[in-house]
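What follows is a set of notes on a single structure, which appears directly below.
Readers should treat all values here as calculations from the given coordinates under stated rules, not as data from a laboratory. This structure is a prediction, so every number in the text was calculated from the model and none was measured. Cβ placement follows ideal geometry from the backbone for every residue including glycine, while neighbour counts extend to all protein chains displayed.
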Amino acid sequence: MGNRRGNKQVILDVSFRLPVSCSPGEKHIIASCPCLGVSTQGETEKKALKNLEEALGLFITSCFERGVLDEVLRDSGFEPVIDKAPSKRGKKTTSCEVVNIRVPLGSRRVACHA
């Protein structure tokens, strides 16, 4: 039931700003996002954060694909808020860093009339 004039894909670019922290492990740096229960590691803090960004993106995408993203976010204590000052990666807060996780979602069902 697509638009016969052109099935252009519409992209919804969703961004999650999440607090993360790093701590030394026995052999690697441990990076974690406690609010979603996602952790990973890397040889350096930079690699650990890069691995965590990838893990968080995959986790959020997987939750969306399984239809449980809303439930997971609500169970983790999230609710909609209006924030007019988005943070950039690298900004430090108390003992945490904030990362932006980009999750692009595509749809061929939505017709764009622009």
Quick one: which residues, 5+ away or cross-chain, put their amide H under 5 Å from the amide H of Val99? H built at 1.01 Å from N.
Leu18, Val20
Show me, for the range 45-57, the HN-Hα J-couplings you get by feeding each phi into the Karplus relation (A = 6.51, B = -1.76, C = 1.60, θ = phi - 60°), rounded to Hz, glycine and proline as x.
4, 4, 5, 5, 5, 4, 5, 5, 4, 5, 4, 5, x
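Please rank Ile29, Ile101, Ile82, fewest neighbouring Cβ atoms within 10 Å first, as an exposure proxy.
Working: Ile29 19, Ile101 23, Ile82 4.
Ascending Cβ contact count within 10 Å gives the list Ile82, Ile29, Ile101.
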About the Cα centre, and with charges only on the beta carbon of Lys, Arg (+1) and Asp, Glu (-1), how big is the dipole of the range 1-78? Nearest 20 debye, please.
460
Given the range 1-81 reduced to its alpha-carbon atoms as identical point scatterers, what log10 I(q)/I(0) does the Debye formula return at q = 0.26 Å⁻¹?
-1.22
